[in-house]
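For reference, the structure is listed below as structure tokens.
Every number here is computed from the coordinates shown, using simple stated rules; none is lab data. All of these numbers come straight from a predicted model, not from anything done at the bench. With ideal geometry, Cβ positions are generated from the backbone for all residues, glycine too; neighbour counts draw on all protein chains shown.
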Amino acid sequence: MKKPISLREHLVSHLKFLQNNPDKLSMHIESGRYRTTLANGYGMESISPVKFVIQDFTGDADLIAFLLFQWIRVHQSELLANLDKNKDAVKFEAEFIDNDKVDVMFELELTERVIIQQQEHGVYNFSYPEEPQYQLASPATDCELLDDQGNLLATWTSVETLNTVALEMPLAKKP
């Protein structure tokens, strides 16, 4: 479970309130799950419904949401890109302690792939591949389609890609 730790580190390192009061941040995973298939290999996925609470927060909760979304863009981007998931991706609750303090709770579901490879002598190696990242798409390109004999079948220019991104899928790293 690397992602919850990464999220905690992100919040503490970027939110001044938590830099001064790291003990005010608590994180919980309730009803987490693991899943795998009968496919060859030993890989699995963890599903972690994460709740984190910041107690006695004296700032604007929108700042916490902003920092959370910046982390999600890199570490769980399908919560932003998938419109079905986006609707309920991040939930929050707040309890107003007084005019200056609030306890705020955020909830989101994180998934994490775990690649497990058997090494020599029955030892297993666990690795955690990075999430796919969105990159600027390639510029418009002149294209040709040829048959097996090299005869030209069609020509076209790909779509101009201003403000367009493509999902780049990282390959699992070999140990």
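Does anything in the stretch 15-37 have its amide N under 14 Å from the 7 Å Cα→Cβ label point of residue 111, and if so which residues?
33-37
In the stretch 50-85, whose amide N lies under 14 Å from the spot 7 Å out along Cα-to-Cβ of residue 20? List them in ranges.
What the label zone holds, given the 14 Å backbone N cut-off, is 56-60.
Among 145, 63, 15, which one shows the highest mean-square fluctuation when the chain is modelled as a Gaussian network with alpha-carbon springs under 10 Å?
145
Quick one: Debye curve from the alpha-carbon atoms of the chain only, equal weights, vacuum; give me log10 I(q)/I(0) at q = 0.08, 0.10, 0.14, 0.17 Å⁻¹ to two decimals.
-0.40, -0.58, -0.91, -1.11
May I ask for the angle, rounded to the nearest 10°, between helix 2-14 and the longest principal axis of the chain, with both axes built from Cα atoms and the value confined to 0 to 90°?
Tilt of helix 2-14: around 60 degrees.
Show me the GluC sites (Glu not before Pro) within the stretch 7-52 that DSSP assigns to loop and that have at most 10 other Cβ atoms within 10 Å of their Cβ.
Those that pass, being in a loop and sparsely packed, are 30.
Return a single number: how many Lys pairs in the chain, at a sequence separation of 8 or more or on separate chains, have alpha-carbon atoms below 16 angstrom apart. Show your work: numbers first, answer last.
Numbers: 2/51; 3/51; 16/24; 16/101; 24/51; 24/101; 51/91.
Summing the qualifying lysine pairs gives 7.
What FRET efficiency would be calculated for the residue pair residue 36, residue 151, taking the C-beta separation as r and a Förster radius of 45 Å, to the nearest 0.05?
0.40
Once you keep just the Cα pairs under 8 angstrom separated by 6 or more residues, what percentage relative contact order results for the chain?
On the way: 269 pairs, mean separation 32.7, N = 175.
Dividing the mean separation by the residue count of the chain yields 19 percent.
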